[in-house]
1. Does SER98 satisfy the condition of being closer than 23 Å to LYS10 by Cα, assigned to a helix (DSSP H, G or I) and among the hydroxyl-bearing types (Ser, Thr, Tyr)?
2. Which of the residues that make up region 58-94 are over 20 Å from LYS10 (Cβ atoms) and among the basic types (Lys, Arg)?
3. Quick one: would you say LEU159 is exposed (fewer than 12 other Cβ atoms within 10 Å of the Cβ) and of a type in the set (A, V, I, L, M)?
4. Output the qualifying pairs, or none if there are none: Cβ atoms under 7 angstrom, residues six or more apart or on different chains, first residue in region 174-186 and on the phi < 0 side of the Ramachandran plot, second residue surrounded by 10 or more Cβ atoms within 10 Å (Cβ to Cβ) and in a helix (DSSP H, G or I).
5. Being touching a helix residue (DSSP H, G or I) at 6+ places or on another chain (Cβ under 9 Å), over 20 Å from THR147 (Cα atoms) and either among the basic types (Lys, Arg) or in contact (Cβ under 8 Å) with a residue 40 or more places away in the chain (or both) is true for just one of ALA36, ALA89. Which residue is that?
6. Output the number of residues of region 108-117 satisfying the condition of being of a type outside the set (A, V, I, L, M) and outside any loop (DSSP other than H, G, I, E, B).
7. Within region 118-156, take every residue that is in a loop (DSSP other than H, G, I, E, B) and touching a Pro at 6+ places or on another chain (Cβ under 7 Å) and give me the one that is surrounded by the fewest Cβ atoms within 10 Å (Cβ to Cβ).
8. Is it the case, given these coordinates, that GLY70 is surrounded by 19 or more Cβ atoms within 10 Å (Cβ to Cβ) and on the phi > 0 side of the Ramachandran plot?
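Please treat every number below as a calculation from the coordinates, not as lab data. This one's a predicted model, so the numbers in the text were calculated from it and none came from an experiment. Reconstructed Cβ throughout: ideal geometry from the backbone, glycine too, with neighbour counts over all protein chains shown.
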Amino acid sequence: MRVAVALFPKVTILDAIGPYQVFAGMPDTEVVICAAEKGRITDANNWLHIDVEHTFEDIPHPDVLLVPGGNVTREMTKGHPILEWIRSAHEHTTYTTSVCTGSVLLGAAGLLRGLQATSHWVAYDALRGFGAEPVEQRVVFEDRIVTGAGVSAGIDLALAIAARLHGPEVAQAIQLGLEYDPQPPFDSGSPSKAPQAIMGRLDTLVAMWQEPITGNYRGGS
């Protein structure tokens with residue numbers, strides 16, 4: 001089985017690396033990192049660099065496709081090469097998946113119309129714009145399309161996929177190996193739980209996602 005994890009400049013890296021760590025623990029599985037072009041990818045903070053050896057064209061038929069997110073996905077909905085790869089690869093996948101605002105790219109590729117989907121909560125309106133019905137759930141299955149909520153939800157999504165592909169015992173063994181046992185010090189990890197004062201600290205992020213996008217994508221590959 002081949003799992004393709006897409007990267008792009010300014011990606012939110014935990015969206016990709018969390019699921020990668022889970023998928024890498026599945027038996028008889030190859031996890032391939034790919035991007036529009038070979039070379040160095042820099043994350044959203046400009047601190048972490050990953051050298052990518054495979055392009056999207058190198059991985060035309062992955063069994064599982066994972067699209068991470070990042071604030072840059074707003075711009076990527078207009079003409080980024082990842083969109084055509086998503087459309088083409090989806091015809092052959094067992095599961096086409098996204099984490100965080102990666103679901104906005106699935107929507108832009110035309111995969112979510114009429115379906116329930118989740119994302120980071122700031123992107124719910126963007127999902128509606130592509131015909132999806134956003135829901136506040138950690139992981140949403142719609143047949144072969146699986147979407148995960150914001151950032152850390154990618155680990156939950158990947159464990160759910162592992163259970164579907166290899167059974168719950170394999171998924172639980174991977175979870176135990178990672179000692180994935182979340183016990184956060186605060187209960188403010190979703191908009192339905194966070195106090196309004198905390199929500200207000202993210203006003204700038206919310207406003208950015210409400211701005212209209214004009215023109216085609218002009219960033220790096």
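1. no
2. Correct list: ARG87 only.
3. no
4. ILE174/VAL22; ILE174/LEU159; ILE174/ALA162; GLN175/LEU159; LEU178/GLN21; TYR180/ILE155
5. Only one candidate qualifies: ALA36.
6. 1
7. Going through the qualifying residues, I end up with THR118.
8. Yes.
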